[in-house]
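One structure below.
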Amino acid sequence: MIDKHDKRKTISVGYDSKRIIVPNDSHYDSNHKKFALSSTVIQKLRVHEISTHARRKHNGSKTSLKLLGLGLAKSRQAEEGVATYREQELVAENNFFAGYLSYFAIGMVNGLDNTEKKRSFRELFIILNKLFLILHKNKDGIATQLAWDRCVRIFRGTPGNVSGLVLTKDSIYRAGNIKIHELLCRTPEAEKWFDVGRYDPTNSKHVDALRVLEIINDY
């Protein structure tokens, strides 16, 4: 369902309630000066949330190892790696790894640009605003909104004025995406077992356990 009251800025997924709430501003529309859903956004949402997260949760809960429905230890990174890999496959975006913008932003907050300078919400916003101005050629003021939304997302749960204090969760998207691409380069047959449950197909302990339980059997 779409949040028509504009109260939500991010996608909310309730796997138990089987509901996905989509913000009313997922894609910028310069004609109406607001964000609107595009077919690409909807298709990416489908493969990411439903065809990956929801399917892995559902299938995992039906196996002999019920924990596969909840997620094995330290499987979140690979979970997002599989989901972002499938987004890339959908729209043929395999020329770079997913999640680079959040990874870059979190790196800037932590001073990983050789300055060792920790940054606050305001300082990161200035950097991202300049970046989006270049990427979008200052089209219809979209840079400011994109920079603001990115800062809000990665600083959520913090006061925003403490330099270096940021939620690092979004870094797992890029790290997981890289791991999944590397796995498929080595072992392409691993892909057919991605949907047996919420586990990390790059983790040998997870894979060995699922082999013993005969949940997977040939890689």
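For residue 37, indicate whether it is at pLDDT 80 or above and not hydroxyl-bearing (Ser, Thr, Tyr).
So residue 37 fails the test.
Could you check residue 140 against (1) at pLDDT below 90; (2) in contact with an Asp or Glu (Cβ under 6 Å, 6 or more places away or on another chain) and say which number it fails?
Answer for residue 140: the failing condition is (2).
Please verify whether residue 81 is under 19 Å from residue 212 (Cβ atoms), in contact with a helix residue (DSSP H, G or I) (Cβ under 7 Å, 6 or more places away or on another chain), crowded, with 17+ Cβ neighbours inside 10 Å and not hydrophobic (A, V, I, L, M, F, W, C), treating the condition exactly as stated.
No, not satisfied.
The values are calculated or read from the model by the stated rules, or taken from the named source; none is laboratory data. Quick caveat: nothing in here was measured; it's all calculated off a predicted structure. Backbone-built Cβ (ideal geometry, glycine too); neighbour counts: all protein chains shown.
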